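Colleague: Handing you a structure now.
The values are calculated or read from the model by the stated rules, or taken from the named source; none is laboratory data. Every value quoted in this text rests on a predicted model; they were computed, and no experiment measured them. All Cβ positions, glycine included, derive from the backbone under ideal geometry; neighbour counts span all protein chains shown. Only protein heavy atoms, including side chains, enter the accessible area calculation; ligands, DNA and RNA are left aside. Shrake-Rupley method; radii C 1.70, N 1.55, O 1.52, S 1.80 Å.
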Amino acid sequence: MFELVNRKRFKKLALVFYLTGLVGFIVVGYLYGEQKLNQRLEVERHLIEETLGTTLEYYLFVPSLLSDSEEILNVYRNPSSKTPEEINKLLLKTNTELGSDVIYLLDTNGVTIASSNYLQSDSFVGGDYSFRPYFKDAIAGNTGQYLALGAQSGKRGYFFSAPVQHNGEILGVVTVKVLLNQIEEIWQDSGIEFLVYDADGIVFFSSRSDWLYKSIVSHSVDELNRLVATRRYGSEKVQVVANSPSITFNEFDEIRLSSTQTHNTVWRLSYKYLDNWGLNIATLVPASKRYYTVFLSVLGYTLLSLLLYIFWLYQEKKLQLRHHLEDMNRQLELKVNELTGDLQLRNQQLQQSALEQKYAHQALQQAQEELIQTAKMAMLGEFSASLHHELTQPLQAIKSYANNSVRMLELSKTESLKNTLAEINSVVDSMVKIVQQFRIFARRSQPEKRPCQLQEIISGVMSIVSPELESKSIRCVNRCNDRTVFCEPVLVEQVIVNLISNAVHALAHTDQPKVVIDSEEHEGYIALIVCDNGPGVDEDTLPNLFEPFFTTRKTGLGLGLAIAKRIVESQGGSISATKGVRGGMKFSVSLPLHE
């Protein structure tokens, strides 16, 4: 649906539907709100009607019952039978039992002859109430009912009266005054707004004190004078709180009322006239409350419309997003295809590069091996003179022993010849051992780590360097411990030979030259230490000793220590150079111990 409807057209249609629905919800909300108000008013009116009617009916027949009692009749027929004190006490007792405000007896002139409030400062005794309608009705032989302010006490009350008769003669009037303050307070506490007013529209009971004794209709001057003359509402002038055209209303109606809290406010009311009591009852609620329901209806409708609009926007955005995602997917597929081609090409390039790196690594490794082998040959070349010297002497000895053997053979000195040949054999063995050590050192072989003794490595080194050291009168001291290390011994021999060779060059102009080979063990490693007592190097030169092509000699390429460092690191160790404590140099070759 959202794909077919044009967006702008949909918005216009939605606005029309919203406004149409808004009008409908306002009307429905108004009618519903008014119905709810009417229901509430009716319930509250029934409550006041029942409580007021029940209370008044309780006292309706009390005056008639009292007028028929012998005690009350004796008061009028035989006044001297009881003292006034006794009569008043009788009325007080009866009043207390009934819960009324006052019970009093009037003579035929309307003067009070006895009253239950005789002890109070506002006692009715002696008061003239002949002007009251309830007296006039009773003295005429009828029961009376009247709502008014007390002329003596100023209290609101409902008066019930009945004639006291004997043999058809009216002897006086019995009156019962009932206060309705308690039920009024109950109505007020319940939060009900109400009016109870009489036939003249004067409010006698209300939820608001500033409405009391005021009229809901306007009165002429003559009517106002008449109302004042009745003393029914006190001596104050009657004020108007509403300009209603009539004191009667429809069952549900409206009225404008003013008070100290509100001015000319429109009230919704539920009205009923209580014919039995001559009273009008109206329960009230501000008419504006019906608009609260309208407000809620409009608010709910607006929120619902807003949610629908948001849902439409969501669906539209969802559709746009779907189209956008489809476009992105297409572009992504194209991009993926493009990238796949690039990746395949790059993969081929990487494979080619990896292959080239492999060949380069193999070439580098081969070059390193060639460089190590070349370094071996260079060191052997340096020791060749001493090797020549070392072999020349045994050869001359062999020649001399051979000449002697010929003479001994001619002289048939067999035992001497035997000894001479044994000497020749011993010299040859010594030469073989020297040559064999050089051959092992010079041999090209794949490095293979194995456990070996330090003294085994030192022994191989000394076989190579001893002739050179002897030829240069350099004393060599071996202090190494005989520990087992894990390395390729020939490569380690090459490193130590290189360090001793460097020491030989450094000791060329040193008196009493000496080389010390020592060892130190620490944390799973053992360090082979080569020290000399030569001139050493300065502090600035130390960091550069193991750099390729760096040399302090006038001859040489400066690769010996660089190669030595590479060899030691390949064995899992490290090499360092420091100045000796008493001069010269100290080289430390750290190798892992074999557990």
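Colleague: Over every pair of different alpha-carbon atoms in region 242-360, take the mean of 1/r and invert it; report that Kirkwood radius in Å.
Modeller: For region 242-360, inverting the mean 1/r across all distinct Cα pairs yields 22.7 Å.
Colleague: Starting from the Cα of residue 319, step 7 Å along the direction of its Cβ; do the same at residue 569; then give the gap between the two resulting points in nm.
Modeller: In this crude label model, residue 319 to residue 569 measures out at 6.9 nm.
Colleague: Can I ask one more? Can you compute log10 of I(q)/I(0) for region 103-153 with the Debye formula, treating each Cα as one identical point scatterer, at q = 0.20, 0.26, 0.28 Å⁻¹?
Modeller: Debye curve over Cα of region 103-153, log10 I(q)/I(0) at q = 0.20, 0.26, 0.28 Å⁻¹: -0.67, -1.07, -1.18.
Colleague: Pairs 11/36; 12/289; 12/318: which exceed 31 Å Cα-Cα?
Modeller: Violating the 31 Å Cα-Cα cut-off are 11/36; 12/289.
Colleague: Rolling a 1.4 angstrom probe over the protein heavy atoms, how many square angstrom per residue are accessible across the chain?
Modeller: That works out to 58 Å² per residue.
Colleague: Please report how far the C-alpha centroid of region 192-216 lies from that of region 486-519, rounded to the nearest whole angstrom.
Modeller: For region 192-216 versus region 486-519, the Cα centre distance is 128 Å.
Colleague: What full-extension length gain, to one decimal in nm, is calculated for residue 355 and residue 509 as 0.36 nm per residue of separation minus the Cα-Cα distance?
Modeller: 50.2 nm
Colleague: Rounded to two decimals, what ratio of Rg to Rh does region 164-280 give with C-alpha atoms and a Kirkwood Rh?
Modeller: Using only Cα positions, Rg/Rh for region 164-280 is 1.05.
Colleague: Note down the nm distance, to one decimal, between modelled labels 7 Å out along Cα→Cβ at residue 243 and at residue 165.
Modeller: 5.0 nm
Colleague: Quantify, in whole percent, the carbon and sulfur part of the accessible surface of the chain (1.4 Å probe; protein heavy atoms only).
Modeller: C and S atoms contribute 54 percent here.
Colleague: Next question, about the same structure. Among the aspartates and glutamates, which fall within straight-line cross-link reach of residue 579, defined as a Cα-Cα distance under 18 Å, with same-chain neighbours fewer than 8 residues apart omitted?
Modeller: Straight-distance partners of residue 579: 518, 520, 532, 538, 539, 540, 547.
Colleague: Here's something else I'd like to know. Enumerate the aspartates and glutamates that residue 136 could reach by cross-link, defined here as Cα to Cα under 18 Å, with residues fewer than 8 away along the same chain left out.
Modeller: Excluding near neighbours in sequence, the set is 107, 128, 169.
Colleague: Still on this structure, please answer the following. Could you order 247, 517 by accessible surface area, starting with the largest, using a probe radius of 1.4 Å?
Modeller: Heavy-atom accessible area, descending, gives 247, 517.
Colleague: I'd like to know which of 302, 312, 292 lies farthest towards the positive end of the charge dipole of region 248-350, counting +1 on Cβ of Lys and Arg and -1 on Cβ of Asp and Glu.
Modeller: Of the options given, the answer is 292.
Colleague: Could you give the dipole magnitude of the chain about its Cα centre, charging the beta-carbon of Lys and Arg +1 and that of Asp and Glu -1, in debye to the nearest 20?
Modeller: 2360 debye
Colleague: By DSSP, what percent of the beta bridges with both residues in the chain are antiparallel, rounded to the nearest 5?
Modeller: 90 percent
Colleague: Sorted by accessible area with a 1.4 angstrom probe, largest first, how do 309, 292 fall?
Modeller: Sorted descending by solvent-accessible area, the residues read 292, 309.
Colleague: Quote to one decimal, in nm, the extra length available between residue 578 and residue 551 on full extension: 0.36 nm per residue of separation minus the C-alpha distance between them.
Modeller: 8.1 nm
Colleague: For the residue pair residue 414 and residue 521, what label-to-label distance in nm results when each label sits 7 Å from Cα along the Cα-to-beta-carbon direction?
Modeller: Those two pseudo-labels are separated by 5.7 nm.
Colleague: Using r as the Cβ-Cβ distance of residue 16 and residue 36, and R0 as 45 Å, what FRET efficiency do you calculate, to the nearest 0.05?
Modeller: 0.90
Colleague: Of 546, 527, 563, which is farthest along the charge dipole of region 497-575 in the positive direction, counting Lys and Arg as +1 and Asp and Glu as -1 at C-beta?
Modeller: My answer, from the dipole projection, is 563.
Colleague: Once the Cα gyration tensor of the chain is diagonalised, what are the square roots of 5 times its eigenvalues, in whole Å and ordered largest first, as equivalent ellipsoid semi-axes?
Modeller: 147, 38, 20
Colleague: Could you state how much accessible area residue 82 has, in square angstrom rounded to the nearest 10, with a 1.4 Å probe and all protein chains kept in place?
Modeller: Estimated to the nearest 10 Å², residue 82 gives 70 Å².
Colleague: Note down the net charge around residue 146, summing +1 for each Lys or Arg and -1 for each Asp or Glu among other residues with Cβ under 15 Å from its Cβ.
Modeller: Local net charge: +3.
Colleague: Evaluate the charge dipole of region 467-519 about its Cα centre and quote only its size in Debye, nearest 20, assuming +1 on the Cβ of each Lys and Arg and -1 on the Cβ of each Asp and Glu.
Modeller: The dipole of region 467-519 has a size of about 160 debye.
Colleague: Would you kindly state how much longer the chain becomes between residue 223 and residue 83 on full extension, computed as 0.36 nm times their sequence separation minus their alpha carbon distance, in nm to one decimal?
Modeller: 46.0 nm
Colleague: Would you list, by chain and number, the lysines whose Cα falls below 24 Å from the Cα of residue 214, excluding same-chain residues fewer than 8 positions away?
Modeller: Candidates past the 8-residue exclusion: 155, 177, 237, 272.
Colleague: To the nearest 0.05, how large is the calculated FRET efficiency for residue 306 and residue 64 if R₀ is 51 Å and r is the Cβ-Cβ distance?
Modeller: 0.15
Colleague: Moving on. If ligands, DNA and RNA are left out, what is the accessible area of residue 93 with a 1.4 Å probe, given in Å² to the nearest 10?
Modeller: 120 Å²
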